[in-house]
1. Mind computing the radius of gyration and Dmax over the alpha-carbon atoms of the chain? Å is fine for both.
2. Which whole-number percent is the relative contact order of the chain (Cα, under 8 Å, 6+ apart)?
3. Could you work out how far apart the two model spin labels at residue 92 and residue 30 are, taking each label as a point 7 Å from the Cα in the direction of the beta carbon, and quote it in nm?
4. How many nm is it between the label spots at residue 105 and residue 6, if each spot is 7 Å from the Cα in line with the beta carbon?
5. Tell me what the chain gives for mean residue ellipticity at 222 nm when only DSSP H runs of n ≥ 4 count, each as -39,500 (n - 2.57), the sum divided by the residue total, rounded to 500 deg cm²/dmol.
6. Highest GNM mean-square fluctuation, the chain, Cα pairs closer than 10 Å: which of 66, 53, 19?
7. Relative to 2.2 N^0.38 Å, what does the C-alpha radius of gyration of the range 66-113 come to as a ratio? Two decimals please.
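FYI, it's all coordinate maths here, none of it is from the lab. Note that this is a predicted model, so its numbers are computed, not measured. Neighbour counts are summed over all protein chains in view; Cβ atoms, including those assigned to glycine, are modelled from backbone coordinates with ideal geometry.
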């Protein structure tokens, strides 16, 4: 009887140790996935910032150049602003297809791999 009691205690101890190891493994996997996601989003953010700065300066130059061609500098800025208003409207109409779905897929892919 004593032997069975020790065996049962040992079995419960082993099960408890197993659960602790599994929980620790799950924590480590969660940290790994979240750190991968954060680093990917961080690099995407930096690339987007660099792209934004490039396009911002490029658009100022384009507006001045178009304004020079049209005779008044503010006309160039109106043309560039009108173009981006049109692009923004198209992007707004298709925002789920162009923004929501790809971002959701990227996050899901990062978390599941």
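1. 28.6, 103
2. Relative CO of the chain lands at 23 percent.
3. 4.0 nm
4. Going by the 7 Å Cα→Cβ label model, 6.1 nm.
5. -33000 deg cm²/dmol
6. Sorting by GNM fluctuation, first place goes to 19.
7. For the range 66-113, the normalised Cα radius of gyration comes out at 1.89.
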